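This report concerns only the one structure given below.
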Amino acid sequence: MTINFEKYAQTGKEFVKKVAFELGDNENTEKASRILRSTLHVLRELSTPEESVQFISQLPMAIKAIYVDGWQPGRKKGRVRHADDFVAAMHKTHRKAYHDAKADEIDDFIDKHDCVQAVHSVFRVLKEYVSEGERNDFLLTLPEDLRNLFDD
């Protein structure tokens, strides 16, 4: 059996294009990629490794790779319990990931509301790939105050 890397790349590109569409800017796949990565990385830090693996099992291979890139499952987690903490974690993750790519010029979030809307955009696309039961299981691992962020 041959591994079809081109297919993995194509399905990953389609996923990112869907995120860009949900963000309201079909052409800006770079921004969509940054927001997708930041959202996935903050989410994985909030859930258990076991639930994370179950959650990503239904995602395209390229998106799974984004989720696990740099992941250290045994590392102590931050204290993200409320929406404001989540937004702060998004900003921190976003800027940290792009520190070498003119991070001072990259600001995909105007304010808290804009950040939350970006997360909603990612989650709308995730809903196309991850079953409702698995999404609910994943959300139950999050602090209660954060679950509302993912209600659309």
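Derivation of every value follows stated rules applied to the coordinates shown; laboratory data play no part. Keep in mind it's a predicted model, so treat the numbers as computed, not measured. As a convention, Cβ positions derive from the backbone with ideal geometry for all residues, glycine included, and neighbour counts pool all protein chains shown.
By how many nm would the segment from residue 81 to residue 65 grow when fully extended, if each residue of separation counts as 0.36 nm and the alpha-carbon distance is taken off?
So the chain would gain 3.2 nm between residue 81 and residue 65.
What is the packing order of peptides 80-88, 34-42, taking the mean over residues of other C-beta atoms within 10 Å and listing the highest first?
Details: 80-88: 17.2, 34-42: 23.2.
Most protected by this proxy first, the peptides run 34-42, 80-88.
In straight Cα distance, which lysines are under 16 Å from residue 127, not counting same-chain residues fewer than 8 positions off?
List returned: 17, 18, 64.
Which shape class applies to region 3-51: rounded if a/c is under 1.5, otherwise prolate when a/b exceeds b/c and oblate if not, where a ≥ b ≥ c are the square roots of the Cα gyration tensor eigenvalues?
Values: a/c = 2.93, a/b = 1.22, b/c = 2.40.
Judged from the Cα gyration tensor, region 3-51 comes out oblate (a/c at least 1.5, b/c at or above a/b).
With labels modelled as points extended 7 Å from the Cα through the Cβ direction, what inter-label distance (nm, one decimal) is found for residue 10 paired with residue 144?
4.7
Per 0.36 nm of contour for each residue apart, how much would the distance between residue 136 and residue 95 grow if the chain were fully extended, relative to their Cα-Cα spacing?
Net length gain for the segment: 11.9 nm.
Which lysines, if any, have their Cα less than 16 Å from the Cα of residue 77, not counting same-chain residues under 8 positions apart?
92
So how far apart, in nm, are the two label points at residue 88 and residue 53 if each is 7 Å from Cα heading toward Cβ?
3.2
Take the Cα of residue 124, step 7 Å along the line toward its Cβ, and report every residue of region 36-55 whose backbone nitrogen sits under 18 Å from that point.
Correct set: 36-37, 39-40.
Please say if the chain is rounded, prolate or oblate, where rounded means a/c under 1.5 for a ≥ b ≥ c the square roots of the C-alpha gyration tensor eigenvalues, and otherwise the choice is prolate for a/b larger than b/c and oblate otherwise? Display every interim value, and only then the final one.
Numbers: a/c = 1.36, a/b = 1.07, b/c = 1.26.
Taking the square roots of the gyration eigenvalues as a ≥ b ≥ c, the chain is rounded.
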